[in-house]
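Notes for the one structure printed next.
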Amino acid sequence: MTEPRRICIVDDDRIARETAAGLLFPEGYELLFVDHAPDLLERLPELRPDVLLLDVMMPGMDGFEICQLLKSDPSWRHIPIVLVTALDGREDLIRGLNAGADEFLAKPVNGPELRARVRSMLRIKQQYDQLQEAVKIREDLAHMIVHDIRVPLSAILLYCHLMESRESLDPKDREDLEVIARQGRRLDSFVNDLLTLAKMEEGRMVLRGGSVNLDAFFEEVAQVHRAVARSREVNLDLELAQGLPVLVLDSNLFGRVLDNLLTNALSVSKRGDTVTLKAYQASRKEESSGVGPEVVIQVLDQGPGIPEDQREVIFERFQSVERAERRGPRHGLGLTFAKQVVEAHGGSIRVESNSPRGTIFIIEI
């Protein structure tokens, strides 16, 4: 049998709670009662309400404050809130909307109106629950597919490596095989990014930090991409300032961040363009929040650039970017992965315009 919907009535007035309960009793809901805000905030994980009927005028923390607090918390913002108030001024209505209230009821409460508002909020909650269930099914399916892809993908890369070692391979066949192997490695990187993101979101990702010599680290990263740059007739420059400090990094994850940024930069570049991997020591600024970043890392390209209004959303999963020239990848997980890894290291990443054309990805860490 389906569990009855849970309606939580929050009011410091016992008579008001009992009145609302009497009006809702015929609907067959499971009715929960809370008489003050601190008790509600403490008991929410236990109560798990489908709808909150929240009185505005309560001692201590009023309904507006509770509503704003809950709507700002990702764990509870999905719960529909009906503010029940004797206030009827326009300013109070605006304040309630600004606090995130989903509906309003005026005191004294009218039975048919109360039941209609609660049913309306339950429909919204049901749609949210169904959407969350669909999202979970899709995520579980995606994780299963990603894990299943790894076995055949590993076999493809292994046989590419074995074939590349054959001296009798025709030059044209070798060139085609290199393309297959390169695209296979890109797919392997995408699969690894998906798995890493899943671990990060579940709180299971542990950084394996170690002291990293940045000069050698950047040289190694750049070396991986020089063959691709040559094949596209793009210049790949490495500009490292003197005296870069030793940083504690997860070199595997952070290397993949730079790999993603350089791959994107090369893919949007035309013949004769220049892609630059640049690093220099940041000037330390003593601020109230603490010491600033130690190192600034930049990846610069001369591609079509990213519109200013899309420079924030590109770090969100699967976001598309409309380019003036349709070159290179337009969506994916690479930048989402980069953002999460950089932030896990205590750094930040952003994108700016590279005058006169192109893009600069800037990491401060």
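Under a 1.4 Å probe, what is the accessible area of the chain per residue, stated in Å²?
57 Å²
For n ≥ 4 DSSP H runs only, could you compute -39500 (n - 2.57) per run for the chain, divide by its residues and tell me the 222 nm figure to the nearest 500?
That comes out to -16000 deg cm²/dmol.
Using only the alpha-carbon atoms of the range 49-123, report the extent along each of the three principal axes, biggest first, to the nearest angstrom.
Projected onto the principal axes, the Cα atoms of the range 49-123 cover 32, 28, 21 Å.
Can you return the aspartates and glutamates within cross-link range of residue 270? Criterion is Cα-Cα under 17 Å, with same-chain partners fewer than 8 residues away left out.
233, 237, 301, 325
Can you check what the net charge comes to around residue 5, using other residues whose Cβ is under 10 Å from the Cβ of residue 5 (Lys, Arg +1; Asp, Glu -1)?
Residues near residue 5 contribute -1 overall.
Beyond 22 Å, what share of the Cα-Cα pairs of the range 1-100 is found? Please give it as a whole percent.
Considering the range 1-100, 27 percent of its Cα-Cα pairs are separated by more than 22 Å.
For the chain, report the translational diffusion coefficient in µm²/s to the nearest whole number, using Stokes-Einstein at 20 °C, 1.002 mPa s, and a Kirkwood Rh over Cα pairs.
In µm²/s, the coefficient is 85.
Hey, could you get me the Stokes-Einstein D for the range 85-133, Kirkwood radius over alpha-carbon pairs, 10 °C and 1.306 mPa s, rounded to whole µm² s⁻¹?
Here the translational diffusion coefficient equals 129 µm²/s.
Measure nothing but the geometry: give the 0 to 90° angle between the long axis through the Cα atoms of 37-47 and the longest principal axis through the Cα atoms of the chain, rounded to 10°.
70 degrees
Taking only Cα atoms, what is the 0 to 90° angle, nearest 10, from helix 14-24's long axis to the longest principal axis of the chain?
In the chain, helix 14-24 runs at an angle near 80 degrees to the longest axis.
Ignoring any ligand, DNA or RNA, what whole percent of the accessible area of the chain comes from carbon and sulfur when the probe is 1.4 angstrom?
Roughly 51 percent of what the probe reaches on the chain is carbon or sulfur.
Going by alpha carbons, how many degrees (0 to 90, nearest 10) lie between the helix axis of 111-164 and the longest principal axis of the chain?
Tilt relative to the chain: about 20 degrees.
With N set to the residue count of the range 54-205, report its C-alpha Rg divided by 2.2 N^0.38 Å to two decimal places.
After normalising by residue count via 2.2 N^0.38 Å, the value is 1.89.
The values are calculated or read from the model by the stated rules, or taken from the named source; none is laboratory data. In this text the structure is predicted, and so the values were computed from the model without any measurement. Cβ sites come from the backbone with ideal geometry, for glycine too, and all protein chains shown count toward neighbours. Remember, those area values only see protein heavy atoms, side chains included, never the ligands or the DNA or RNA. Shrake-Rupley method; radii C 1.70, N 1.55, O 1.52, S 1.80 Å.
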